[in-house]
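Take a look at the structure below.
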Amino acid sequence: MKKWVFATDYHGDRSDPAVEVEFFKFLKSFKPDLRIFGGDLVDLRPLRKGASTEEKNEGLRSDVEAGFKFLKKYRPDVFTLGNHDDRLRETGEGGGPLAEYAAMGYNDLLDRCKAQNTQVIPYAKRHYYQLGTHKVIHGFASGVYAARKHSQHYGPCIFGHIHAFTQAPCESVGIGSPVTWSSGCMCRVDMGYNARHLGTIRQEAGWLYGIITKSGKVEIFSCRSDTDYYNPYEKNTKK
């Protein structure tokens, strides 16, 4: 049997330090044979379409450096790029004052992964990593039916993207079929911008882990971490 772990959605300078501490304690104890990162290593708010004026005025350096620091420490065997990571590529291929910096950042990310023998999976619908019976992706659909949507298109899979632990049966496979899982995140679940968004109340911090049997069957478990929730009435609360 082979032990594996799936962590996702670190979001650079929006990561949760307390969750990260618990995660590395878990790694030391569990000793996985395969380490997978599910994408969104960085946040890159200024590059987001529809970014606010305040977000556009933010710098990128601390965000990118935080993500690279985690990548070096975690050293995943597989990295499925997320939509936030792909902003570097998209921006780098376009025009504007940030294009050159974004292109350098994207190439730097790929070089760092290559240096530590991390397999990179592009953020595109036809690309995935095969983990036994399950496909591993960052995720494309969102909302309460995200797991079901991914299951309908990919069959049994593991994904992040929605920052929440959910499950959905693979209806087309039949009795005893594998289940699709989504994972919680490595970033703060409550931030200033979503303090009143009920759609994010199900978000949780944590990760997935499990084993692959000799026959290729994937057993999945979740590790959910307690976090300090955002309180807009506390002084000096991080945004």
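The values are calculated or read from the model by the stated rules, or taken from the named source; none is laboratory data. Computed from a prediction, not measured in an experiment: that's the story for all the values here. Virtual Cβ from ideal backbone geometry, glycine too; neighbours counted across all protein chains shown. Just so you know, the surface numbers come from the protein's heavy atoms only, side chains and all, with ligands and any DNA or RNA stripped out. Shrake-Rupley method; radii C 1.70, N 1.55, O 1.52, S 1.80 Å.
Filtered by the rule that a residue be closer than 19 Å to Gly210 by Cβ and either surrounded by fewer than 20 Cβ atoms within 10 Å (Cβ to Cβ) or among the charged types (D, E, K, R) (or both), region 30-41 gives Phe30, Lys31, Pro32, Asp33, Leu34, Arg35. Taken over region 199-221, the criterion of being within 20 Å of Lys2 (Cα to Cα) and either buried (at least 17 other Cβ atoms within 10 Å of the Cβ) or in contact with a Lys or Arg (Cβ under 6 Å, 6 or more places away or on another chain) (or both) is satisfied by Trp207, Leu208, Tyr209, Gly210, Ile211, Ile212, Val218, Ile220.
Tell me the residue from Leu27, Leu81, Leu71, Leu44 that is modelled with pLDDT under 95 and surrounded by 15 or more Cβ atoms within 10 Å (Cβ to Cβ), please. Outline the logic, then answer.
On the way: Leu27 fails: modelled with pLDDT under 95; Leu81 fails: modelled with pLDDT under 95; Leu71 fails: modelled with pLDDT under 95.
Result: Leu44 is the single residue among Leu27, Leu81, Leu71, Leu44 that is modelled with pLDDT under 95 and surrounded by 15 or more Cβ atoms within 10 Å (Cβ to Cβ).
Residues in region 72-125 that are within 15 Å of the chain's Cα centre (by Cα) and free of Cβ contacts under 8 Å to residues at least 40 places away in the same chain: 2 in all.
Quick one: in region 209-224, which of the residues that are part of a loop (DSSP other than H, G, I, E, B) and touching a residue at least 12 places away in the same chain (Cβ under 8 Å) is farthest from the chain's Cα centre (by Cα)? Steps first, answer last, please.
Start the filter on region 209-224 by keeping residues that are part of a loop (DSSP other than H, G, I, E, B), which leaves 213-217.
Subset that is touching a residue at least 12 places away in the same chain (Cβ under 8 Å): 213-214, 216-217.
Details: Thr213: 25, Lys214: 27, Gly216: 24, Lys217: 23 Å.
Looking at residues that are part of a loop (DSSP other than H, G, I, E, B) and touching a residue at least 12 places away in the same chain (Cβ under 8 Å), I get Lys214.
Per this entry, Asp16 is not counted among residues that are acidic (Asp, Glu), closer than 25 Å to Tyr128 by Cβ and either in contact with an Asp or Glu (Cβ under 9 Å, 6 or more places away or on another chain) or surrounded by 14 or more Cβ atoms within 10 Å (Cβ to Cβ) (or both). Is it the case that some residue within region 95-113 is among the aromatic types (Phe, Trp, Tyr) and closer than 21 Å to His138 by Cα? Yes, the conditions are met somewhere in region 95-113.
Give me a count of the residues in region 222-232 that are at pLDDT 60 or above and open to solvent by 100 Å² or more (accessible area, probe 1.4 Å).
Just the residues of region 222-232 that are at pLDDT 60 or above, to begin with: 222-226.
Keeping just the survivors that are open to solvent by 100 Å² or more (accessible area, probe 1.4 Å) gives 224, 226.
Selection size over region 222-232: 2.
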